[in-house]
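Undergrad: Below you will find the structure I want to go over with you.
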Amino acid sequence: MGILEVQNVNKSFGGLKALQNVNLNIEEGTIHAIIGPNGAGKSTLLNCFVGKLVPDTGTVMFNGQSLLGIKPHEINQAGVSRVFQTPEIFTDLSVFENVLIPCFAKRDGSFKMNALNRVRNEVDIQEKAEQMLIDVNMIDKRDMIASSMSRGDKRRLEMAMCLAQDPKLLLLDEPTAGMARADTNNTIDLLSEIQDRRHITMAVIEHDMHVVFSLAQKISVLAQGTVIVEDLPENIKGHPKVQEAYLGGAH
Ligand SMILES: Nc1ncnc2c1ncn2[C@@H]1O[C@H](COP(=O)(O)OP(=O)(O)OP(=O)(O)O)[C@@H](O)[C@H]1O
């Protein structure tokens with residue numbers, strides 16, 4: 001059984017069928033890439049995983065439970081976290097303070113800014129935040145102000161903040177979009193390290209095939225709202241349907 005199972009999902013916007021009978025199975029502990037030309041429906045599908053959109057028909061099961069009708073914050077609490085293209089961090093706070101916030105929120109169910117003042121008495125929270133920074137190789141930057149960091153480091157910090165929520169499924173929407181090659185390669189290394197250390201299941205939407213083939217253990221190819229192939233990376237590259245989808249599309 002997959003940790004995320006999508007069956008016969010359809011989603012239309014007015015007359016436009018953005019998703020048509022989509023089936024997808026993400027195995028626990030794997031990195032699963034979702035690729036496809038522009039407008040194929042990748043973001044629409046991801047939005048159905050986090051409760052931002054509700055499919056017109058079909059089912060989305062996470063850990064054996066339906067996600068349909070569940071509010072986004074409840075899906076997040078159930079263990080689904082999303083990493084955005086633009087890192088969502090608190091730019092005026094230090095790296096360490098940024099990670100403390102989701103550590104508090106995970107424990108208390110919500111977060112108030114004045115919780116940061118209590119941190120001296122909160123050894124468990126401090127240790128957890130430190131461990132998150134160690135996991136993303138940022139412990140040496142713990143006292144830096146977040147706004148002063150490179151884009152790659154901001155991405156690392158956001159990842160630490162995500163990990164603090166103890167996710168079971170991490171959704172990454174074009175994690176290397178707009179990055180220089182060096183930052184892209186750092187992000188590939190980071191995601192590989194996180195998977196090795198924590199065995200977190202990841203679903204990655206990505207256009208950069210270097211990233212896809214460096215990371216993915218399984219790939220689903222979407223074209224015109226339908227999954228046309230789901231297979232191992234070695235079977236995807238030369239697949240005639242995939243080549244046709246890309247040659248006919250924008251890439
Ligand atoms: N909220 C919306 N209202 C109307 N149409 C939408 C909406 N969201 C997406 N669409 C349309 O649905 C189709 C699928 O869009 P989607 O953003 O899911 O594709 P994508 O594969 O993520 O594309 P890209 O790679 O360019 O980000 C497109 O034709 C898009 O214009």
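Just so you know, all these numbers are worked out from the coordinates, no wet-lab data involved. Treat the numbers as computed from the prediction; the structure is a model and nothing was measured. So basically every Cβ, Gly included, is an ideal-geometry build from the backbone, and we count neighbours across all protein chains shown.
Undergrad: Consider just the alpha-carbon atoms of the stretch 40-149 and return their Rg together with their Dmax, both in angstrom.
TA: 16.9, 50
Undergrad: Then there is this: If I take every Cα pair under 8 Å that is 6 or more residues apart in the stretch 133-251, average their sequence separation and divide by the length, what percent do I get for the relative contact order?
TA: 19
Undergrad: So, one more: Pull out the extension gain between Glu28 and Ile134, defined as 0.36 nm times the separation in residues minus the alpha carbon to alpha carbon distance; nm, one decimal.
TA: So the chain would gain 35.8 nm between Glu28 and Ile134.
Undergrad: Whole-Hz Karplus ³J(HN,Hα) for the stretch 52-64, in order, using 6.51 cos²θ - 1.76 cosθ + 1.60 and θ = phi - 60°, x for Gly and Pro?
TA: 6, 10, 10, x, 5, 9, x, 10, 10, 10, 10, 6, x
Undergrad: Enumerate the calculated ³J(HN,Hα) couplings along the stretch 15-32 in order (Karplus 6.51 cos²θ - 1.76 cosθ + 1.60, θ = phi - 60°), each rounded to whole Hz, writing x wherever the residue is Gly or Pro.
TA: Per residue, the Karplus-derived 3J(HN,Hα) values read x, 8, 8, 6, 10, 10, 6, 7, 10, 7, 9, 9, 6, 4, x, 9, 9, 10 Hz.
Undergrad: Sort out for me the Cα centre separation of the stretch 182-204 from the stretch 101-141, rounded to whole Å.
TA: Cα centres, the stretch 182-204 to the stretch 101-141: 22 Å.
Undergrad: Which FRET efficiency value, to the nearest 0.05, do you get for Asp143 and Ser43 by plugging their Cβ-Cβ distance into 1/(1 + (r/R0)^6) with R0 = 41 Å?
TA: In this case the efficiency is close to 0.70.
Undergrad: Only Cα pairs under 8 Å and at least 6 apart count here; give the relative contact order of the chain as a rounded whole percent.
TA: Contact order relative to length: 28 percent.
Undergrad: Once both axes come from the Cα atoms, what is the angle between helix 95-108 and the longest principal axis of the chain, in degrees from 0 to 90, rounded to 10?
TA: Tilt of helix 95-108: around 80 degrees.
Undergrad: OK, next. On alpha carbon coordinates alone, what is the Rg over Rh value for the stretch 89-166, Rh being the Kirkwood radius?
TA: Radius of gyration over Kirkwood radius for the stretch 89-166 works out to 0.93.
Undergrad: Let me ask something else about it. What is the P(r) of the chain, as percent of Cα-Cα pairs per 5 Å bin from 0?
TA: Spelled out bin by bin, the chain gives 1, 6, 13, 17, 18, 16, 12, 8, 5, 2, 1, 0, 0 percent.
Undergrad: Further, regarding this structure: Around Val227, which amide H atoms from residues at least 5 apart in sequence, or from another chain, sit under 5 Å from its own amide H, with H modelled in the peptide plane?
TA: Asn23
Undergrad: Grab the chain and count how many Lys pairs have their alpha-carbon atoms under 20 Å apart, sequence gap of 8 or more, or different chains.
TA: 23
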